[in-house]
Amino acid sequence: MAPFGYRQHMIARFTFGAVKLLLLLVAVAVTEATAQSAEQPVSQAQKLALESLDYLRRGEETTDLKLKIEAYRRGVEVAQQAIRADDLNADAHFALFANQGRVMMHDGFVPNPLTLVEANRELNRALELNPNHADALAAKGGMYRQLPWALGGSNQKASEYLARSVELDYDNACAARIELAELYRDLGYPDRSIPLLEKAVEIATRDKKPDKLLRARNLLRELSAR
């Protein structure tokens, strides 16, 4: 059995990592939510799933804390309706995962192993239903990067999931590109980061995402100064 001090240390690392993780995963969801072509028929469940993701975006875009929380909670409710309408809808499970994460953060909820398992269940369900769900792949990659090795973290898996997300959503995967660029930097491959960040700057500028633009430019400056 591990010494008590070690177990306490791992719990502390887990809590910090889980907080960072949930914030990261939802940020990916907000900027790169899956949309369905207007030419294709949209089911009621899909309409609800996209409505839930729209509430997520509304929450991110407003600076009013009350409106933020209201939007996220409404997003949870609508995602649950979508799942009841069709449990096989991957976007609905992803929307529930993303909105729940934001609600927990703004409610001051301290993440623990059980809440991570619950969140991961929705994320895994989305990928089970759609292995090519770009946003869920990016979120899963972020999870593997943020968690300590002892709790399932893996840089190798993180790079695979993030790279696949970028490949599938090439014209929009801004947050996933930045996350992958940071991972390459940490692994000692800064040259791989540069093209990812240059494209992220282009996308963030196009989509008017100042937070992503600042993050990408700062990392580019950091790598250029080496």
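When you look at S224, is it at negative phi, surrounded by 15 or more Cβ atoms within 10 Å (Cβ to Cβ) and out of contact with any Ser or Thr (no Cβ under 8 Å at 6 or more places or on another chain), yes or no?
Spelling it out, it is not the case that S224 is at negative phi, surrounded by 15 or more Cβ atoms within 10 Å (Cβ to Cβ) and out of contact with any Ser or Thr (no Cβ under 8 Å at 6 or more places or on another chain).
Any residue at all in region 68-84 that is surrounded by fewer than 15 Cβ atoms within 10 Å (Cβ to Cβ), closer than 18 Å to N124 by Cα and either of a type outside the set (A, V, I, L, M, F, W, C) or modelled with pLDDT of 55 or more (or both)?
Among the residues of region 68-84, at least one is surrounded by fewer than 15 Cβ atoms within 10 Å (Cβ to Cβ), closer than 18 Å to N124 by Cα and either of a type outside the set (A, V, I, L, M, F, W, C) or modelled with pLDDT of 55 or more (or both), which makes the answer yes.
Quick check: is even one residue across region 67-90 of a type in the set (D, E) and under 19 Å from the mean Cα position of the chain (by Cα)?
no
Are any residues in region 184-226 part of a helix (DSSP H, G or I), hydrophobic (A, V, I, L, M, F, W, C) and free of Cβ contacts under 8 Å to residues at least 40 places away in the same chain, and if so, which ones?
Result: L187, I194, L196, L197, A200, V201, I203, A204, L213, L214, L220, L223.
Return the residues of region 41-70 that are hydrophobic (A, V, I, L, M, F, W, C), assigned to a helix (DSSP H, G or I) and closer than 21 Å to A136 by Cα; say none if nothing qualifies.
A45, L48, A49, L50, L53, L56 - these are the residues of region 41-70 that are hydrophobic (A, V, I, L, M, F, W, C), assigned to a helix (DSSP H, G or I) and closer than 21 Å to A136 by Cα.
Can you tell me which residue among A119, A38, A98 is modelled with pLDDT of 65 or more, more than 23 Å from R215 (Cα to Cα) and of a type in the set (A, V, I, L, M, F, W, C)?
A119
Give R206, R177, R192 a once-over and let me know the one that is buried (at least 19 other Cβ atoms within 10 Å of the Cβ) and either basic (K, R) or touching a His at 6+ places or on another chain (Cβ under 9 Å) (or both).
Residue meeting the stated conditions: R177.
Being touching a residue at least 40 places away in the same chain (Cβ under 8 Å) and either of a type in the set (A, V, I, L, M, F, W, C) or in a helix (DSSP H, G or I) (or both) is the filter here, so list the residues in region 166-179 that pass it.
A173, C174, A175, A176, I178, E179
The values are calculated or read from the model by the stated rules, or taken from the named source; none is laboratory data. Remember, predicted model here, so these are calculated numbers, not experimental data. Please note: Cβ atoms are built from the backbone with ideal geometry, for glycine as well, and neighbour counts cover all protein chains shown.
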